[in-house]
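Here, each number is a calculation from the coordinates, and none is a lab measurement. Quick caveat: nothing in here was measured; it's all calculated off a predicted structure. Cβ placement follows ideal geometry from the backbone for every residue including glycine, while neighbour counts extend to all protein chains displayed.
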Amino acid sequence: MSAALKTGVLDLAAEAFLARYEGLRARLTGDAALREQAAGLFRSAGLPGPREEAWRYTALRPLAEVRFAEPLTPVEDCADLLARLPAISAPRLVFVDGRFREDLSRVPECVAVRVGGPAFGGLADPAREALVALNTMLAEDGAEIAVADGVDAGTLMIASLGTSGAGRIGAFHPRHAITLGRGAKLTLVDVAIGEGVYLNNAVTSVRVAEDAALTHLRLQMESEAAFSIATIYAEVAARGTYDSFTLTLGARLSRAEIHARLAGPEAIAHLNAARLLRGVQHGDFTTVVRHDAPNCASRQTVKTVLAGKSRGVFQGKIEVARIAQKTDGYQMNQAMLLSPDAEMDSKPQLEIYADDVKCSHGATVGEIDPEQLFYLRSRGVPQEMARMMLIRAFLAEAIDGVAHDEGRAAMEAAIEAWWEQGL
Amino acid sequence: MLEIQNLAAAIGDKPILRGIDLVVPKGEVHAIMGPNGSGKSTLSYVLSGRPGYDVTGGSATFDGQDLLEMEPEERAALGVFLAFQYPVELPGVGNANFLRTALNAQRRARGEAELDAPAFLKLARAEMKRLSMPDDMLKRNVNVGFSGGEKKRNEVLQMAILKPRIAILDETDSGLDIDALKIVAEGVNAQRGPDFSALVITHYQRLLDYIVPDRVHVLAGGRIIRSGGPELALELEANGYGAIVDAAA
């Protein structure tokens, strides 16, 4: 009975998204055939339920119970949200409820940017990920960012501002594509903030050519009532680097899913994360690292702090193809529970088909160490400050690895602000 | 002045301290010696407020204020300092940040002005020089990767910077070679004065060659069974605890 009901809710929600597509399709720009194919895939797959292995720990039911609607009038006043964007001295592309806002943006000079429609990229797989199919079907806008061969493009911020526009609960499906030419460099500070209830279901394709390096700093600071799904596909050519860091503080239900493929020799991927969740927040970080060439390295350090009744999920898969000899893979997933009602689910997976590889993984779940807490208090540090120091220390191993000074400072400031709001 | 009257404490159902009476007047250094399991460390933890100990009777006051009613951080701000037998490692917490946070938290609690970073560094560097500690120990994480001697020196550094009014040194000599022992003792002696008192807990007499106490107390079975001058430590060293414990029984 209850299983049938659950399926029913997910089905109804999928139908609502499909109905939206039928209503909008004439107006949607970009590759119509791709959308039509995605719609077909989404129609048959629906929203993934708990029986699907990849969604075993993350139930989409709370999202499915919300009736999303198109924001009727674009939100004009977002001064409050803009003021909360991290202080990064760089050009920025601002999207409000998924739509590009030229008036709020400062387009960079040394980077080719195209906006005004979805940037589908070529890496996403709507056949495998239903939410990517949903995005492909309904994507309206996004940024296509290209850095030419040999160019060091500095830093660029891409900001998503989510609102409950005009009192209606919006759903938006941004679609970005980032391409770095040979030897190119870029730091992309990818920020998502918002107010109220909305769904931000973003898909980003990243291509890093030979010897190029993308630093992708993601700050997920969505409204704690919002739903946030971000799927990233990164493909890294020989000697290229995709260095990503995900800070998760916001959203009632979030999932960041990163698929990184090391396609050429000596390519590097870092998929690091720090997460702080409280209340009834649910945060899922899912990674799939595919080693498809020899001598590549992947690093994942994931630190999660869970308060209240929050729940953290980490699913980390490392696939090593037969050709990928001398692979160096590392995955460490550590959680600190601040409350007996918090929960952490971890699922590391290694699939190794090469015989000369080094792959290590580990997972720990713990609490604040009472010895450490007493040590600090015995020196005069008040209890709450001591707890905060130990939580920061726990996160430090991950956050100290962010080499970009402004980006790291922005993350530390965001954590500080989060802490000041109380658990 | 530290005044302990008939103090009794237990861990769970197990009584450890069975009625301690002890007065450490302002400006004096007292040693507490005793065999293993006599309750020495428990006394230091009860005085500093470590969770897990139940005070089942008696009192402990410092300058008339009831220590046992206070949180550990309040005792610290009042001027109570515990040098740990096993200093705790704090990965991810820099030593400088730790020391400055602690110092300023105490100063705030006492209504004093906080020290800014340059003023703090000046103070810390001067004290480190005195303890023969390299400057880079400020940059390292608290006690992480420190040798036993470095950890103990770091405890004494904290004491030197926090300037407590009473320091409880819990087997600070354990695991130290003679050179490190001298440095640590010099660090403690440097604090001695009319406004500093100390309770030096030790198993061996050796430390008391370098930190000469005003009084020596022997703790056994959760009670102080004998008190005397510095010569009592020599007697213990010569005859062992057995004779004194048997005589008191």
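Results, tabulated for the structure shown:
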| read-out | value |
| --- | --- |
| Shape category assigned to segment A:55-180 from the gyration tensor of Cα positions, a/c cut at 1.5 | oblate |
| Backbone HN-Hα couplings from phi across segment A:116-127 [Karplus 6.51/-1.76/1.60, Hz, Gly and Pro as x] | x, x, x, 9, 5, x, x, 9, 5, 10, x, 6 |
| With eigenvalues of the C-alpha gyration tensor scaled by 5 and rooted, segment B:160-249, Å | 25, 15, 11 |
| Modelled FRET efficiency - R0 22 Å, B:Arg110 with B:Glu186, Cβ distances, 0.05 increments | 0.20 |
| Global geometry of segment B:200-249, whether rounded, prolate or oblate, following the gyration tensor of its Cα atoms and the 1.5 cut on a/c | prolate |
| Relative frequency of Cα-Cα separations exceeding 38 Å in chain A, percent | 17 |
| Within chain B, percent of DSSP bridges classed antiparallel, to nearest 5 | 60 |
| Cut-off under 5 Å, modelled amide H: who pairs with A:Ala335 long-range | A:Thr304, A:Thr364, A:Val365, A:Gly366 |
| Exposure proxy order (Cβ contacts within 10 Å, fewest to most) of B:Arg226, B:Arg75 | B:Arg226, B:Arg75 |
| Principal-axis tilt of helix B:95-109 within chain B, Cα atoms, nearest 10 degrees | 70 |
| Förster radius 41 Å - calculated FRET efficiency between A:Ala16 and A:Lys358 (Cβ-Cβ, nearest 0.05) | 0.30 |
| Residue-by-residue Karplus 3J(HN,Hα) for segment A:294-302, coefficients 6.51, -1.76, 1.60, Hz, glycine and proline x | x, 6, 9, 10, 10, 10, 9, 10, 10 |
| DSSP beta bridges in the protein assembly as shown [antiparallel fraction, %, rounded to 5] | 15 |
| Length added when fully stretched, A:Leu82-A:Glu52, from 0.36 nm per residue minus Cα-Cα | 7.0 nm |
| Segment B:1-147: C-alpha gyration tensor shape, a/c 1.5 cut-off, then a/b vs b/c | prolate |
| DSSP beta bridges in segment A:2-367 [antiparallel fraction, %, rounded to 5] | 5 |
| Euclidean distance of C-alpha centroids, segment A:188-202 and segment B:173-249, integer Å | 64 |
| Exposure proxy order (Cβ contacts within 10 Å, fewest to most) of A:Ile145, A:Ile169 | A:Ile169, A:Ile145 |
| Radius 9 Å from Cβ of B:Gly49, net charge of other residues (Lys, Arg +1; Asp, Glu -1) | 0 |
| Virtual spin-label span in nm between B:Thr61 and A:Ile368, 7 Å along Cα→Cβ | 3.2 |
| Order of A:Thr29, A:Thr304 under a 10 Å beta carbon neighbour criterion, fewest first | A:Thr29, A:Thr304 |
| Average partner coverage of B:87-96, which counts Cβ from other chains inside 10 Å | 5 |
| Projected label distance in nm at A:Arg128 and B:Arg140, using a 7 Å step from Cα toward the beta-carbon | 4.6 |
| Along each principal axis, Cα extent of segment A:369-423, largest first, Å | 35, 23, 16 |
| Amide H contacts of A:Arg278 (H built 1.01 Å from N, under 5 Å, at least 5 apart or other chain) | A:Ala307 |
| Label-point separation in nm, B:Glu237 to B:Asn6, each point 7 Å along Cα→Cβ | 3.7 |
| Nearest-0.05 FRET efficiency for B:Ala248 and A:Ser339, computed from C-beta distance (R0 45 Å) | 0.35 |
| Phi-based couplings in Hz for segment B:123-129 (Karplus 6.51, -1.76, 1.60; Gly and Pro marked x) | 4, 5, 5, 5, 5, 5, 4 |
| Under 5 Å, built H, 5+ apart or other chain: amide partners of A:Arg239 | A:Asp211, A:Glu266, A:Ala267 |
